[in-house]
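Scroll down for the structure; my scribbles are underneath it.
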Amino acid sequence: MEIVEVFDSPGKGRGLRATKEVWAGDVLFADPCFAAVVFDSLVAHVCHSCFRRQAKLQRCGQCRFAQYCDRTCQRAGWVEHKQECAAIKSYGKAPNENIRLAARIMWRLNKEGGVVSDMQLTTLDDLEDHLSDMPEMDLKELKVDVHNFLDFWPRTGKQHTVESISHIFGVINCNGFMVSDQKGLQAVGVGLFPNLCLVNHDCWPNCTVILNNGKIELRALGKISAGEELTVSYVDYLNLSEDRKQMLKQQYFFDCTCEHCTKKTKDDLKMAGAVVDGVQVPEEKVKEVTEYSVEMLKKMENARLEANYNEVVKICRECVEKQENVLADTHIYQLKMWSTLGEVLSYLQFFEEAATYARKMVDGYVKLYHPNNAQLGMTMMRAGVTHWQAGHIEVGHGMICKAYAVLMVTHGSTHPITKDLEAMRNQTEMELRMFKQNEYVYHSMREAALKNQPMKMMAEPVEEGVKGLFRKK
């Protein structure tokens, strides 16, 4: 690779650094997947070749487990599925996603070796597995997976030692990366991308990672000088510094010493109280409402898991009422409530109210996130679409334009989300010109157009896909 090179990062081990100056939006590398599988929970809803979500899929006629969009996808996926198919038939059932991924990795290692392209910067043998750092409970689960893997693995195939298989499971545990659907909005599987495993963490990184057309792209968030280390964030910056450090220690087995964790940067904003008429709300009151918000978030999540969206709205509204004029617009628990309430209200088609919370979220996120953060861009996009749905074309178009500028850096012009956003930007720009020429005619035409469309529910709310690209337990 001409733009990046492997080096020994002080206190971190191996890392990647830039060999020449790059700018915001530049792609430092595009890493193809070594192996990937669909989540156990989505095997009947996602194509096992292209990872698209489909209402109707065609089963593999042999194992009756793998499912595909059509014959084209089935042929494309046959190279990876051929040995898996025979193993599933012999075993009598499909094992869990970890075992399926480990098996696909081992089959490819047997066939092609540890380096499968000239662009690959490391072998799987050289990746950390952190087996010695894993808690006893996790080790027990790993040993169960290894035992089941050995039962699943064909007796006629090349046999591997328990140590080598355990290493692969450890690598998956530490370095597995979420594979998203065709729109990049929801995680549908897990895969292994060797080059990405070399990129170290920083809570305020200079790069971001996005899955685009089957490849992982490492994209610069701003100017990066030659010789500067390339970093990405393994966890969401919206968490407090102590919470981020705990997550990183539990999942990736290192103590974060980045500047933002050391200085607890923006932690004060994330737990801040409101200022009402120039007077700061007392700390006791802020603490009381913060503790109340934690309990309500648990209740809200339970209602959401049960798909009881009317109950979700009720809980959120009750909590938001308590938070108003007590918590600042950057308080993370208020932002979480606004996020869920706005999303569910959009789903229930209460666009006017949803737009209010979407706008508040953007105002809060702008004060916390990096200006080119992907989550900020996605939030701006949703806010723009919600305002457009509510009939606020000027605000909606403005938000969509801001989102487009961010996503051009984080996702690039060829990503499906950016393409959809560009189409939306052109649409709202045309509508805005019409609005400025004659508001009455614009609203009349809009109302007529909406009446001619059959009423339908929005897509059901799902967990944020952009935040959690690095796989969690």
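Structural remarks
- Per residue, the solvent-accessible area of the chain (1.4 Å probe, heavy atoms of protein chains only, all protein chains present) comes to 49 Å².
- Cβ crowding within 10 Å averaged over residues, with 219-226, 270-277 ranked highest first: 219-226, 270-277
- Cα centre as origin, Lys/Arg/Asp/Glu Cβ charges: the range 186-267 dipole, Debye: 100
- Rolling a 1.4 Å probe across all protein chains gives I99 an accessible area of roughly 0 Å².
- DSSP-assigned coil residues among trypsin sites (Lys or Arg not before Pro) in the range 419-449, each with at most 16 further Cβ atoms within 10 Å: none
- Sorting 80-92, 297-309 by their mean Cβ neighbour count within 10 Å, with the most densely packed peptide first, gives 80-92, 297-309.
- When a 1.4 Å probe is rolled over the protein heavy atoms, the share of accessible surface on the chain that falls to carbon and sulfur comes to 51 percent.
- Long-range amide H partners of F29 with built H, under 5 Å: L218
- Plainly put, the range 298-415 has a radius of gyration that is 0.99 times its Kirkwood radius, both from alpha-carbon atoms, as the Rg/Rh ratio.
- The chain: calculated mean residue ellipticity at 222 nm from DSSP helix runs of at least 4, using -39500 (n - 2.57): -16000 deg cm²/dmol
- The three principal axes of the Cα atoms in the range 384-446 give end-to-end lengths of 38, 15, 15 Å, sorted in falling order.
- Charged side chains reduced to their Cβ positions (Lys and Arg at +1, Asp and Glu at -1) give the chain a dipole of some 1600 debye around its Cα centre.
- With respect to the chain, whose longest principal axis is taken over its alpha-carbon atoms, helix 97-112 is tilted by about 50°.
- Computed from the alpha carbon positions, the gyration tensor of the range 223-351 leads to an equivalent ellipsoid with semi-axes of 30, 21, 15 Å, biggest first.
- 3J(HN,Hα) couplings calculated from phi for the range 260-271 with the Karplus curve 6.51 cos²θ - 1.76 cosθ + 1.60 (θ = phi - 60°) are, in sequence order, 5, 6, 4, 8, 6, 4, 6, 4, 5, 5, 5, 10 Hz; Gly and Pro show x.
- Against the chain, whose longest principal axis comes from its Cα atoms, helix 241-252 is set at around 20 degrees.
- Quarter of the Cα convex hull surface for the range 317-381, i.e. its orientation-mean projected area (nm²): 4.2
- When its C-alpha radius of gyration is set against 2.2 N^0.38 Å (N residues), the chain gives a value of 1.05.
- Whole-angstrom Cα spans of the range 181-278 along principal axes, big to small: 51, 33, 31
The values are calculated or read from the model by the stated rules, or taken from the named source; none is laboratory data. Everything quoted here is computed from the prediction, not taken from an experiment. Reconstructed Cβ throughout: ideal geometry from the backbone, glycine too, with neighbour counts over all protein chains shown. Areas reflect the complete protein model, heavy atoms only, side chains present, ligands, DNA and RNA absent. Shrake-Rupley method; radii C 1.70, N 1.55, O 1.52, S 1.80 Å.
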